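Enquirer: First the structure, which I've put down as structure tokens, then a few questions once you've had a look.
The values are calculated or read from the model by the stated rules, or taken from the named source; none is laboratory data. Quick caveat, the model's predicted, so the values are computed rather than measured. Cβ atoms come from the backbone with ideal geometry, glycine included; neighbour counts cover every protein chain shown. Heavy atoms of the whole protein, side chains included, go into the accessibility calculation; ligands, DNA and RNA do not. Shrake-Rupley method; radii C 1.70, N 1.55, O 1.52, S 1.80 Å.
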Amino acid sequence: MKVEPFKNASFTDFAKPENRQAMTEAVTQVRSQLGRTYDIVIGGEQIRCEQQFESLNPSRREEVVGIFQKGTSRLAEQAIKAADRAFMAWSRRPAEERVELMLNVSRIMKERRFELAAWMVIEVGKSWVEADADVAEAIDFCEFYSREMLRLAVPQPLVEIESEETALEYIPLGVGVIIPPWNFPLAILAGMTFAALVSGNTVVMKPSSDSPTIAAKLMEIFQEVGYPPGVVNLLTGSGAEIGDALVQHPRTRFLSFTGSKEVGLRINELAAKHQSGQIWIKRVVAEMGGKDAIVVDSESDLDEAAAGVVAASFSYQGQKCSACSRAIVVESVYDEFLEKILENTRATIVEGNVEEADVNFGPVINQRAQESIQRYIQVGKKEGRLVLGGEEGNSEGYFVPPTIIADIDPQATIAQEEIFGPVLAVIKVADYDEAIQVANNTEYGLTGAVYTQNPSKIDKAKREFHVGNLYINRKCTGALVGVHPFGGFNMSGTDSKAGGPDYLLLFTQAKSIAEKVS
Ligand code: NAD
């Protein structure tokens with residue numbers, strides 16, 4: 001099978017009138033479909049439940065985006081069984097056939113790019129640019145993992161001996177449970193699911209209850225391209241209620257989780273416990289939270305650093321695992337840098353309803369998040385000096401304005417705990433050495449960046465800044481598939497490096513075969 005070398009999907013330029021027009025139309029089209037009811041899909045069968053729940057538009061809290069089935073543990077069991085039944089035939093399909101289907105998914109996502117982005121604008125409050133980047137990343141995962149599968153499907157290099165013919169084959173694991181967060185509702189769900197499917201596994205997708213519509217759209221695409229029944233199943237419902245049944249089922253072979261530390265640790269613990277009839281150790285890939293820092297040195301371009309810190313702290317309202325939530329600034333440039341980030345935030349952040357083209361800062365995901373972020377801001381006000389934000393946002397949606405709190409101690413609550421919102425703690429340090437030490441002093445280790453022009457300081461960051469994704473003289477968000485394999489250290493997760501050359505190995509097991517030559 002011949003495919004072009006992988007290339008990242010380009011981002012849509014919304015300065016172009018035709019793209020603005022296309023996105024405006026997509027938002028209107030999606031608006032006309034709000035409030036529909038979506039089914040659970042198990043073994044190709046569409047299922048409705050007695051109880052349902054609503055997905056709401058965080059920009060307009062009264063608006064129902066879609067109505068979803070509240071799955072039960074009985075349906076969880078049914079979904080695992082359906083995936084299990086489909087596994088044998090699917091896992092034996094030649095890799096090239098699986099790749100072909102996968103690339104059809106990519107084709108449809110490209111065709112429906114504006115529409116998929118529009119769903120995320122309305123369901124999770126992403127700006128046009130952020131929603132477009134989410135779809136681009138999903139397309140990239142599809143294209144990248146397809147090529148990775150082709151790479152793993154060819155004979156692997158082994159040491160040869162005369163008396164035997166040998167081979168190493170990467171074979172699938174079995175049934176996987178895919179549990180994504182809401183903040184990259186297409187890209188992360190798609191990335192974990194694509195990797196599992198293209199490697200020959202079958203899956204149960206359990207999307208977040210804050211973003212089930214985009215998952216239903218992805219499910220429609222799988223159905224449209226003709227995945228056999230049971231290969232992909234969609235189970236909506238409360239993670240807390242159906243999660244355990246999915247995780248504990250003896251036929252569940254692996255768990256692909258991305259979300260908070262608390263839920264990730266629980267899944268890891270439950271999955272480790274052997275269940276009656278279970279014949280494997282479940283594999284858990286858990287990518288979790290962050291408390292990411294950008295270090296600003298005295299020997300740096302402060303304007304660039306300010307632009308990087310503001311973009312990384314406030315894009316998608318700070319709701320990225322990679323978001324900068326700590327700016328660690330060397331004393332000699334601290335006051336000047338603080339002034340620059342205030343100026344930059346005021347100049348670049350446009351708050352409002354993200355359905356409008358030029359708004360780049362929308363609501364946070366839900367009321368619980370809004371309340372939790374506001375609580376952290378109250379704590380932060382006591383721990384430091386509030387220099388921006390802190391007030392209530394527009395009450396039509398779950399708005400929290402960009403907030404900057406200066407003079408924060410490295411051990412303060414808002415310097416240690418993941419807030420997952422638009423709150424930046426600014427920390428003053430004596431010098432660069434102290435900055436790196438402070439950067440490393442949380443339980444997390446996901447992304448980090450340093451701004452310095454000094455080569456020996458850059459070397460020190462490369463050696464000592466302990467994060468899964470380190471960036472030098474650029475912001476700490478915006479990892480690209482294939483370019484920046486993504487995953488964190490310590491409590492940030494299992495360092496799975498999504499979008500990297502090692503990722504599919506997590507969804508496969510290697511079988512060594514040796515045949516005696518007579
Ligand atoms: P969350 O942990 O609350 O939920 C994640 C998923 O787990 C959801 O689908 C949820 O329904 C499900 N879930 C909840 N309870 C469960 C249970 N008991 N058993 C099984 N599943 C359960 O996280 P969230 O609020 O959706 O996402 C935000 C978090 O995700 C942040 O901590 C963020 O840093 C993290 N995140 C990490 C990465 C990464 O790559 N490291 C990427 C994006 C987000």
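Enquirer: Just the number, please: percent antiparallel of the DSSP beta bridges in the chain, rounded to the nearest 5.
Expert: Looking only at bridges with both residues in the chain, the antiparallel portion is about 35 percent.
Enquirer: Moving on to the next point. For the stretch 292-480, calculate the relative contact order in percent as a whole number, restricting contacts to Cα pairs under 8 Å that are 6 or more residues apart.
Expert: Averaging sequence separation for qualifying contacts and normalising by length gives 30 percent for the stretch 292-480.
Enquirer: Students often check this: by mean Cβ neighbours within 10 Å, which of 200-209, 14-23, 346-355 ranks highest, and how do the rest follow?
Expert: My ranking of the peptides, most packed first, is 200-209, 346-355, 14-23.
Enquirer: How many angstrom lie between the C-alpha centres of the stretch 22-46 and the stretch 400-464?
Expert: 41
Enquirer: Which of ASN360, ILE67, PRO5 sits farthest toward the positive end of the charge dipole of the chain, with +1 on the Cβ of Lys and Arg and -1 on the Cβ of Asp and Glu?
Expert: The residue sitting most towards the positive pole is ILE67.
Enquirer: I would also like to ask the following. Share of the chain's accessible area from carbon and sulfur, percent, 1.4 Å?
Expert: Within the chain, the accessible surface is 49 percent carbon and sulfur.
Enquirer: If I stretch the segment between GLU443 and THR413 completely, what's the gain in nm (0.36 nm per residue apart, minus their alpha carbon distance), one decimal?
Expert: Full-extension gain reported as 9.5 nm.
Enquirer: For each pair in LYS206/LYS381; LYS273/LYS460; LYS382/LYS462; LYS382/LYS475, compute the distance between the two Cα atoms and list the pairs where it is over 32 Å.
Expert: The pairs that break the limit, which is 32 Å between Cα atoms, are LYS206/LYS381; LYS273/LYS460; LYS382/LYS462.
Enquirer: Mind running the shape call on the stretch 292-480? Use the C-alpha gyration tensor, a ≥ b ≥ c as the square roots of the eigenvalues: rounded below 1.5 for a/c, prolate if a/b tops b/c, oblate otherwise.
Expert: prolate
Enquirer: Still on this structure: Counting pairs of alpha carbon atoms under 8 Å apart in space and at least six apart in sequence, what relative contact order in percent does the stretch 23-169 give?
Expert: 22
Enquirer: What are the residues whose amide H is under 5 Å from the amide H of ALA9, where those residues sit 5 or more places off or on another chain and H is modelled from the backbone?
Expert: Under 5 Å from the amide H of ALA9: ASP140.
Enquirer: Only Lys, Arg, Asp and Glu count, each charged at its Cβ (+1, +1, -1, -1), so figure out the dipole size of the chain about its Cα centre, rounded to 20 debye.
Expert: For the chain, the charge dipole is close to 1520 debye.
Enquirer: Per residue of the chain, what 222 nm ellipticity follows from adding -39500 (n - 2.57) for every DSSP H run with n ≥ 4, rounded to the nearest 500?
Expert: That comes out to -13000 deg cm²/dmol.
Enquirer: In the structure shown, do any of LYS81/LYS261; LYS16/LYS291; LYS7/LYS261; LYS320/LYS428 have a Cα-Cα gap over 30 Å, and if so which?
Expert: As for pairs spanning more than 30 Å Cα to Cα, those are LYS16/LYS291; LYS7/LYS261.
Enquirer: Tally Lys and Arg at +1 and Asp and Glu at -1 over the other residues with C-beta under 11 Å from the C-beta of VAL364: what net charge comes out?
Expert: Once all neighbours under 11 Å are counted, the net charge is -1.
Enquirer: Something else about it: Once you place label points 7 Å from the Cα toward the Cβ at GLU304 and GLN275, how far apart are they in nm?
Expert: The modelled label-to-label distance comes out at 5.2 nm.
Enquirer: Could you calculate the contour length gain from PHE6 to GLU331, that is, 0.36 nm times the residue separation minus the distance between their Cα atoms, to one decimal place in nm?
Expert: Extending this stretch completely gives an extra 112.6 nm.
Enquirer: Let me ask you something else. Output ³J(HN,Hα) for the stretch 167-176: one whole-Hz value per residue in order, computed from phi by the Karplus curve 6.51 cos²θ - 1.76 cosθ + 1.60 with θ = phi - 60°, and x for Gly and Pro.
Expert: Ordered by residue, 3J(HN,Hα) equals 8, 10, 10, 8, 10, x, 8, x, 8, x Hz.
Enquirer: Using the heavy atoms of the protein chains and a 1.4 angstrom probe, tell me the accessible area per residue for the stretch 292-480 in square angstrom.
Expert: Dividing the accessible area of the stretch 292-480 by its residue count gives 38 Å².
Enquirer: Rank-order 211-219, 26-34 by packing density, defined as the average count of other C-beta atoms within 10 Å over each peptide's residues, highest first.
Expert: Order by mean packing, descending: 211-219, 26-34.
Enquirer: Relative contact order of the chain, please, whole-number percent, based on alpha carbon pairs below 8 angstrom and at least 6 residues apart.
Expert: Relative CO of the chain lands at 17 percent.
Enquirer: Now, a different point. When the Kirkwood hydrodynamic radius is evaluated over all pairs of different C-alpha atoms of the chain, what value in angstrom, to one decimal, is obtained?
Expert: Over the chain, the inverse of the mean reciprocal pair distance is 23.7 Å.
Enquirer: Let me ask something else. Using per-residue counts of other Cβ atoms within 10 Å, averaged over each peptide, order 135-141, 279-285 from highest down.
Expert: 135-141, 279-285
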